[in-house]
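> Please read through the structure below; I'll follow up with questions.
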Amino acid sequence: MCNQFQLPSLAEIKKYLANDLNLPLIEPASNLPQNQNIFPKGIAPVLVYTDNQLQLLPKSWGYPSPYDHKKVVFNARVERFFEEKHSMWDSSFAKSRCIIIASQFFESGHDTYEAGNEHRYHERFSFKNANAALTLIAGIYRKDYFSMVTTKPNASYAPVHDRMPLVLQAAELRQWLFQNFSSLVDRSQLSLNSVKLPPKK
């Protein structure tokens, strides 16, 4: 599962959302995190519609686990919303959806590398939207926490992992935030650029 994404600079985010996409984004706070890799429990600005405004708000990646207060649940399967069985995500999927903005995100593959001192490392891949300056990923939030939404992998992602982040095209942003999103579950036609990263030394 995806447990790392790269956060763009605030200037890049503002240019993409306000200038390129012409969204009515209110001026974000200048002290928001930027230009860094985000891991679970890390703080990142996510795009939300609240108080009748589209804005970037800092939230922590991962909902507190209902089973272990030391852990967080940072990926949410989109299919859970359509199941009859209740889940911890239901309310967020229904009325608290957000957009995670990334330069790229990362996934561990199946193969491992042998290194000195009997260390082993999983292969790593970076992914980004092939048709956009920045990558928009579906998210949900509750209070000060957000979770990344995942779906079934498309053909380019399946060799690496059996789940993939639900990457959105710019034209789908409003649908994810405000409308019925059932047609967004299938990402089979989405084009991703993928790079296999060199092994750690």
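The values are calculated or read from the model by the stated rules, or taken from the named source; none is laboratory data. Model, not experiment: these values are computed from the prediction. Here Cβ is always computed from backbone atoms with ideal geometry, including for glycine, and neighbour counts include all displayed protein chains. All accessible areas refer to the heavy atoms of the entire protein, side chains included, with ligands and DNA or RNA removed. Shrake-Rupley method; radii C 1.70, N 1.55, O 1.52, S 1.80 Å.
> Could you give the size of the charge dipole of segment 115-201 about its Cα centre, using +1 on the Cβ of each K and R and -1 on the Cβ of each D and E, expressed in debye and rounded to the nearest 20?
Dipole size: approximately 200 debye.
> Looking at the chain, which longest stretch skips every one of the GluC sites (Glu not before Pro) that is in a DSSP loop with at most 16 other Cβ atoms within 10 Å, leaving the sites themselves out?
So the longest stretch without any such site is 85-201.
> Here's something else I'd like to know. Given a 1.4 angstrom probe, what's the average accessible area per residue across segment 4-197, in square angstrom?
Accessible surface, normalised per residue, equals 52 Å².
> Can you give the calculated 222 nm mean residue ellipticity of the chain, where each DSSP H run of n ≥ 4 adds -39,500 (n - 2.57) and the sum is split over every residue, rounded to the nearest 500 deg cm²/dmol?
Here the helix-only value at 222 nm equals -2000 deg cm²/dmol.
> Residues with amide H under 5 Å of residue 130's amide H, sequence separation 5 or more or different chain, H placed in the peptide plane at 1.01 Å from N; which?
Close amide H contacts, sequence-distant or interchain: 191, 192, 193.
> I would also like to ask the following. Could you pull out every residue, at least 5 positions away or on a different chain, whose amide H is within less than 5 Å of the one on residue 109? Hs are placed 1.01 Å off N in the peptide plane, and Pro or chain starts have none.
Under 5 Å from the amide H of residue 109 lie the amide H atoms of 123, 124, 125, each far enough along the sequence or on another chain.
> Same structure again: Could you calculate the FRET efficiency of residue 194 with residue 169 from 1/(1 + (r/R0)^6), where r is the beta carbon distance between them and R0 is 22 Å, rounded to 0.05?
Working from the Cβ atoms, E equals 0.80.
> Rg and Dmax in Å for segment 1-116, alpha carbons only: what are they?
Just the Cα atoms of segment 1-116 yield Rg and Dmax of 16.5, 55 Å.
> Could you sort 151, 50 by accessible area so the largest value comes first, with the probe set to 1.4 Å?
Heavy-atom accessible area, descending, gives 50, 151.
> Residue 71: which lysines have alpha carbons under 24 Å from its alpha carbon, excluding same-chain residues fewer than 8 sequence positions away?
41, 59, 85, 143
> Once you wrap a convex hull around the alpha carbon atoms of the chain, what is its projected area averaged over all directions, in nm²?
Directional mean of the projected Cα hull area for the chain stands at 12.4 nm².
> Right, another one. Quick check: residue separation of residue 67 and residue 183 times 0.36 nm, minus the Cα distance between them. What number comes out in nm?
Going from the current span to full extension adds 38.6 nm.
> Sticking with this structure for a sec: May I ask you to evaluate 6.51 cos²θ - 1.76 cosθ + 1.60, the Karplus curve with θ = phi - 60°, for each residue of segment 27-41 and list the ³J(HN,Hα) values in order in whole Hz, giving x for glycine and proline?
Coupling constants for segment 27-41: 4, x, 5, 6, 9, 5, x, 7, 6, 8, 7, 10, 10, x, 6 Hz.
> For a quick check: with amide H placed at 1.01 Å from N, whose amide H comes under 5 Å from residue 150's, ignoring anything fewer than 5 positions away on the same chain?
76, 77, 78, 166
> Further question: First compute the accessible area of segment 4-197 with a 1.4 Å probe, then give the percent of it belonging to carbon and sulfur atoms.
Taking all protein chains in place, segment 4-197 shows 48 percent carbon and sulfur surface.
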